[in-house]
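Below is one structure, written out as structure tokens; comments come after it.
The values are calculated or read from the model by the stated rules, or taken from the named source; none is laboratory data. Model, not experiment: these values are computed from the prediction. Note: ideal-geometry Cβ built from the backbone for every residue, glycine included; neighbour counts use all protein chains shown. Ligands, DNA and RNA are stripped out before the accessible areas are found, and what is left, the full protein with its side chains, is counted by its heavy atoms. Shrake-Rupley method; radii C 1.70, N 1.55, O 1.52, S 1.80 Å.
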Amino acid sequence: SSDKSGLISVDGFGTMAITENNILFTSNNKLESIEGFSNLTEIGGVLQIIYCSSLSDLSGFSNLVEIGDYLTLRRIDALIDMNDFGNLTMISTINMIENSSLTSLAGLERVISDLAGIKIAYNPLLSNIEGLKNIGSITGVFRIENNPMLSDCSMISICDQLPIGSTTFSIIRNMEGCNTQEEVLLSCN
């Protein structure tokens with residue numbers, strides 16, 4: 001959808017527990033909170049929130065357990081962490097891109113599923129990805145790129161599957177310690 005200049009919050013979906021559809025929020029720059037999905041436990045498709053620069057409250061997703069496809073949070077400038085996703089356990093792909101205030105992936109610790117892909121890129125304040133410590137295997141693209149404050153990527157969930165020279169795994173342009181695959185492997189040992 002295009003910029004909804006009057007849309008500040010989303011509520012009213014409190015009775016919805018499961019949807020097989022996608023939930024998309026795009027270019028809603030005045031949107032500050034999404035509280036209205038408080039009983040939602042499962043999204044069969046995609047949860048995509050992009051270009052919502054004022055959004056800081058995602059508490060409407062606090063009971064979400066499963067996302068059938070991917071989660072993309074991009075250019076949500078007020079987002080600091082992932083604590084509103086503290087019950088999420090199953091997901092296919094995680095994309096966290098260009099979130100200028102994101103400092104931590106805390107809140108994703110319960111995610112235990114195997115992932116088809118993960119991309120964490122261009123988050124200038126991100127310094128902690130411990131929220132990924134319990135993820136299963138990663139079968140597709142894995143990218144941790146351009147996070148200049150991120151120096152530690154050596155958690156067991158990453159170390160156990162990090163192949164040297166793989167074209168689907170990319171760890172570059174982060175802080176020393178998480179700047180190359182080789183650096184991360186050295187920290188793993």
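Taking the centroid of alpha carbons for each part, segment 32-79 and segment 115-189 are 23 Å apart. Residues C188, C52, ordered by accessible area of protein heavy atoms at a 1.4 angstrom probe radius and largest first, appear as C188, C52. On the principal axes of its alpha-carbon atoms, segment 1-143 has extents of 41, 33, 22 Å, going from largest to smallest.
Of the beta bridges DSSP finds with both residues in segment 53-189, what % are antiparallel, to the nearest 5?
Within segment 53-189, antiparallel bridges account for around 0 percent of the total.
In this structure, S100 and S38 have a Cβ-Cβ separation that, at R0 = 22 Å, corresponds to a calculated FRET efficiency of about 0.20. Residue by residue, segment 90-97 carries 3J(HN,Hα) couplings of 10, 7, 8, 9, 10, 10, 10, 9 Hz when phi is fed to the Karplus relation 6.51 cos²θ - 1.76 cosθ + 1.60 (θ = phi - 60°); x denotes Gly or Pro. K133 sits with roughly 90 Å² accessible to a 1.4 Å probe, with DNA, RNA and ligands left out of the calculation.
What does the accessible area per residue of segment 47-189 come to in Å², with a 1.4 Å probe and no ligands, DNA or RNA counted?
For segment 47-189, the solvent-accessible area averages 40 Å² per residue.
If only the Cβ of Lys and Arg carry +1 and only the Cβ of Asp and Glu carry -1, the dipole of segment 21-168 around its Cα centre is close to 300 debye.
Working note: 222 nm ellipticity from helices only, DSSP H runs with n ≥ 4, each -39,500 (n - 2.57), summed and divided by the residues of the chain, gives -1500 deg cm²/dmol to the nearest 500.
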